[in-house]
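Comments concern the structure below.
The values are calculated or read from the model by the stated rules, or taken from the named source; none is laboratory data. Bear in mind the structure is a predicted one, so any value in this text is a computation, not a measurement. Don't worry about glycine lacking a Cβ; one is built from the backbone with ideal geometry, like all the others, and counts go over all protein chains shown. Each accessible area value is taken on the protein alone, full model and side chains, heavy atoms only, with ligands, DNA and RNA left out. Shrake-Rupley method; radii C 1.70, N 1.55, O 1.52, S 1.80 Å.
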Amino acid sequence: MHPARGDEEGNIKMKTQSHLKYFAGALTLATVVVAAPLAVAQFPGMQQPKHYPWSDTSLSPDVRADMVVKELTLEEKISLLHGQGFSFNATGGPTESNGGAGYSVGISRVGIPAIQMADSAYGVTRGAASGRYSTALPNNLAAASSWAPQSAFEYGALIGRELRQEGYSMSLGGGVNLPREPRNGRTFEYQGEDPLLAGTLVGNFVKGVQSEHVIGDLKHYAINDQESGRNAVNANIDKRSMRETDLLAFEIALRISDSGAFMCSYNRVNGDYACENSYLLTEILRKDFQFKGFVLSDWGGTHSTAKASHAGLDQEQPGKNFFGDALQKAVESGEVSQDEINEHVHRILRTIFASGLFDNPVVKQVPDVEGGYALAQRLAEKSIVLLKNQHNVLPLDSARLRSVVLIGGHADVGVLTGGGSAQVDAPGGSVVPPPPAQPGANPMANFGRRQVWLPSSPLRALTAKLSSSRVTYVSGDDPAAAASAAKAADVAIVFGYQHESEGMDLKSLDLSEDQNKLIEAVAAANPKTIVVLETGSPATMPWIDKVSGIVEAWYPGIRGAEALAELLTGEVNPSGKLAITFPRSDGDLPHPTLVLPPPSSQPQRPAPGADISSFMAMMAKGLPPFETYYDEKLKVGYKWYDAEKKPVLFPFGFGLSYTSYAYSGLTVKNGDGLTVSFSVKNTGKRTGTEIAQVYASLPESAGEPPKRLIGWARVELAAGESKVVTIPVDRDRLNVFDEATDAWKLVPGAYTIMAGGSSQDLPLHQQQTLP
């Protein structure tokens, strides 16, 4: 593993890479403690690994990979460039499979291990079928609300450890798509709407994964911003907008993590499928980003042989429709060159060596369950966001409360999780039983629609914390009964939720009509009503003015209820801040109406009992495209609402605390970059952590949205304490992409530097002329 890069980036071509210091500043991890390698010989009874010329660890990964390539036959090379079919459980698939999402074979005669892949966005998936435990962490957007790179690293490192312990060698996490469409069913898997924040956090997540000698992955590359018709949609977007938003997040993440792999996405971008898009895979990823690892397709996202190979796809997953016999024939006919095949193979082998997988073979072990629980709770405590606290209804004080009633959202038994391929199995199964499966249904029939609730009970956790109060629960199925229970209690806490999953988009950011009516009924009965939201994306709130408190808990993970109880009772002071804007309504989004595919662009699900491989083969042929136009261009997230002057429910970067903070004394020094300093004082009576944010407004001639995030810091302050915060800002964070010259540039003129507690609370301003 490499430390976060700094001056070495100057060796990269200035044409497109001069802005790379954008992500080499104080926000990346300067030092990381990497776990000691696990040599096979450390385990009694295990054989010493065979020594090969490429076993010499003093050689670079590239040299070692080249040595192996020279030893392989064409058939062996081709075998590394495709998957081996679906393997959803450890006993039903190919014998070499570990039971994950897929794998690519090893070549034993030269010591190359198989790559065992598992979906692992917020934990290792598919463990239940083989009796494995995996820690379900808070979902990724929740974790992003901590704005904590070190926590992101710890999040990834835990997943990396559990992957190895369960027999896997590659993570299929690392999602960094920006929410141009917040109703995207996978928004919960991503890390917010700003490229600097999202890229920094995902980069440290993947860095953590790879610290455990597991191959990391960045996905879904690129512009994969909706699930509806994802296999057919053509995303239309200009180059400048791509480079400054969606692609910039990937670039930042790559430079921090040195990720071993990129997963190209299902959708088309400007006419070409992402997995055969030479602009994305070669011009940007290989040349501009200097990516050295390998590109694998999303599952069934390959649609050609020669075109995909020429464009830069290295590995087809999960099967071999195009990169198996068809690719070998293309080589033998001269349509694809031997050199091109060798380059694909080199990138895969290089990644195996660079990750440490070759030198540190995977050995299954028992995971540290208690350690996973402890980290999950710490992360959730940093991620939960307090959105409203009228009349200081929070924190709850057991000494002053006779009774508290919890209403709805299955708060008696558990907390919700995000679904789809990211779904982490609940220990013992979902505490809210799913509806029974239909006899003979194929595996795709209910993909993404199965709700899983973790055994972390808010009722139990709050009962333990509020020992002097009577804590009860009603389901909320009967709004009148819920209102009656609320009226009889000192405080009512309503749990609202929105299930999200891969494979489907939300119809609306609204909660269900029944839930909104329930909240209104409870609030009418008790003015001290608090709403706790379990969502994976923003939620609209028609009842916002009728409740006293609002807490966004997200999908808080296996210790989510315990973390929530700590915050609600004041044992932990809330510090989370939104990584995504909460709009007032769907009508305020850049695309008020979700773009849906026509019938011709929708896949026909396989019939009950049909072989899923035939469905994937049908999908591989491709579906007729339909169009979506990202004509909001640079205006993603808060930049859209700022530019369009649209009021929001809660802005990007917003989050309340049980204390208060004051900002003063902004200074901006101009040198090689900018040095932004200011004071933050805790003006309340509790210790707290403030996330201090710095934004810049560019000269009008730059043609940019009103402001952009350029830095932040988490600042812990005791009551009454003041600290000077200094945030270095490289000038590259102020660059714009010029399509005419295909290069990044700094626009000369007056820049306004702003600091404060959110994107709409920036009391400090100073103008600076650059360059």
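Here are a few things to note about the model shown:
- Within the span defined as region 447-459, one or more residues are modelled with pLDDT of 95 or more and under 30 Å from SER758 (Cα atoms).
- Scanning region 573-605 for residues that are open to solvent by 60 Å² or more (accessible area, probe 1.4 Å) and more than 26 Å from the chain's Cα centre (by Cα) yields a count of 5.
- Residues that are of a type in the set (A, V, I, L, M) and outside any loop (DSSP other than H, G, I, E, B) were ranked within region 121-145; the one that is surrounded by the fewest Cβ atoms within 10 Å (Cβ to Cβ) is ALA129.
Quick grid of which residues meet (1) surrounded by fewer than 16 Cβ atoms within 10 Å (Cβ to Cβ); (2) under 24 Å from the mean Cα position of the chain (by Cα); (3) touching a residue at least 24 places away in the same chain (Cβ under 8 Å):
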{"residue": "ALA607", "(1), (2), (3)": "yes, no, yes"}
{"residue": "SER614", "(1), (2), (3)": "yes, no, no"}
{"residue": "MET619", "(1), (2), (3)": "no, no, yes"}
{"residue": "GLU632", "(1), (2), (3)": "no, yes, yes"}
{"residue": "TYR638", "(1), (2), (3)": "no, yes, yes"}
{"residue": "TYR641", "(1), (2), (3)": "no, yes, yes"}
{"residue": "PHE652", "(1), (2), (3)": "no, yes, yes"}
{"residue": "LYS669", "(1), (2), (3)": "yes, no, no"}
{"residue": "PHE678", "(1), (2), (3)": "no, no, yes"}
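- For first residues located in region 721-733 and more than 14 Å from LYS669 (Cα to Cα), partners that are small (Gly, Ala, Ser) and open to solvent by 50 Å² or more (accessible area, probe 1.4 Å) and lie 6+ apart or on another chain with Cβ distances below 9 Å form the pairs SER722/SER664; VAL724/GLY665.
- Matching residues, region 513-568, being under 17 Å from PRO395 (Cβ atoms), not in a strand (DSSP E or B) and not hydroxyl-bearing (Ser, Thr, Tyr): LYS528, VAL547, ALA553, ALA561, GLU562, ALA563, LEU564, ALA565, GLU566, LEU567, LEU568
- Residue in region 359-374 that is open to solvent by 10 Å² or more (accessible area, probe 1.4 Å), within 26 Å of the chain's Cα centre (by Cα) and acidic (Asp, Glu) present: yes
- Residues in region 549-572 that are hydroxyl-bearing (Ser, Thr, Tyr) and open to solvent by less than 10 Å² (accessible area, probe 1.4 Å): TYR555 only.
- When region 120-145 is filtered for residues that are under 14 Å from the mean Cα position of the chain (by Cα) and either more than 18 Å from GLY372 (Cα to Cα) or free of Cβ contacts under 8 Å to residues at least 24 places away in the same chain (or both), the ones remaining, listed by number, are LEU141, ALA144, SER145.
- Scanning region 564-602 for residues being out of contact with any Ser or Thr (no Cβ under 8 Å at 6 or more places or on another chain) and farther than 20 Å from ARG183 by Cβ gives a total of 10.
- Screening GLY536, GLY557, GLY576, GLY549 for residues that are at pLDDT 95 or above and on the phi > 0 side of the Ramachandran plot leaves exactly one candidate, GLY557.
- Top-ranked residue in region 680-711 [being within 18 Å of ASP194 (Cα to Cα) and of a type in the set (A, V, I, L, M); ranked as farthest from the chain's Cα centre (by Cα)]: LEU698
- Considering region 259-276, and only residues there that are open to solvent by 10 Å² or more (accessible area, probe 1.4 Å) and out of contact with any Gly (no Cβ under 8 Å at 6 or more places or on another chain), the residue that is farthest from ARG708 (Cα to Cα) turns out to be GLU276.
- In the set ALA481, ALA464, ALA489, ALA485, only one residue is at pLDDT 95 or above, more than 24 Å from GLU189 (Cα to Cα), touching a strand residue (DSSP E or B) at 6+ places or on another chain (Cβ under 7 Å) and surrounded by fewer than 16 Cβ atoms within 10 Å (Cβ to Cβ); that residue is ALA481.
- Total residues in region 537-547 satisfying the condition of being open to solvent by less than 10 Å² (accessible area, probe 1.4 Å) and in contact with a helix residue (DSSP H, G or I) (Cβ under 6 Å, 6 or more places away or on another chain): the figure is 3.
- Matching residues, region 699-714, being among the hydrophobic types (A, V, I, L, M, F, W, C) and either open to solvent by 20 Å² or more (accessible area, probe 1.4 Å) or in a strand (DSSP E or B) (or both): LEU709, ILE710, TRP712, ALA713
- Subset of region 213-229 (residues that are farther than 12 Å from GLU181 by Cβ and either under 15 Å from the mean Cα position of the chain (by Cα) or of a type in the set (A, V, I, L, M) (or both)): VAL214, ILE215, GLY216, ASP217, LEU218, LYS219, HIS220, TYR221, ALA222
- Some residue of region 681-698 being open to solvent by 50 Å² or more (accessible area, probe 1.4 Å) and either on the phi > 0 side of the Ramachandran plot or part of a strand (DSSP E or B) (or both): yes
- Counting only helices (runs of 4 or more DSSP H) that sit completely within region 285-355, those holding 3 or more residues that are among the charged types (D, E, K, R), open to solvent by 20 Å² or more (accessible area, probe 1.4 Å) and farther than 21 Å from LYS621 by Cα correspond to 338-354.
- Lone unmet requirement of (1) open to solvent by 20 Å² or more (accessible area, probe 1.4 Å); (2) of a type in the set (A, V, I, L, M); (3) within 26 Å of GLY167 (Cα to Cα); (4) at pLDDT 50 or above for MET46: (4)
- Within region 396-420, the set of residues being touching a Ser or Thr at 6+ places or on another chain (Cβ under 7 Å), modelled with pLDDT of 95 or more and either within 25 Å of TYR190 (Cα to Cα) or polar (S, T, N, Q) (or both) comprises SER403, GLY414, VAL415, GLY418, GLY419, GLY420.
- Of the residues ILE252, ILE256, ILE223, the single one that is under 27 Å from GLN498 (Cβ atoms) and buried (at least 24 other Cβ atoms within 10 Å of the Cβ) is ILE223.
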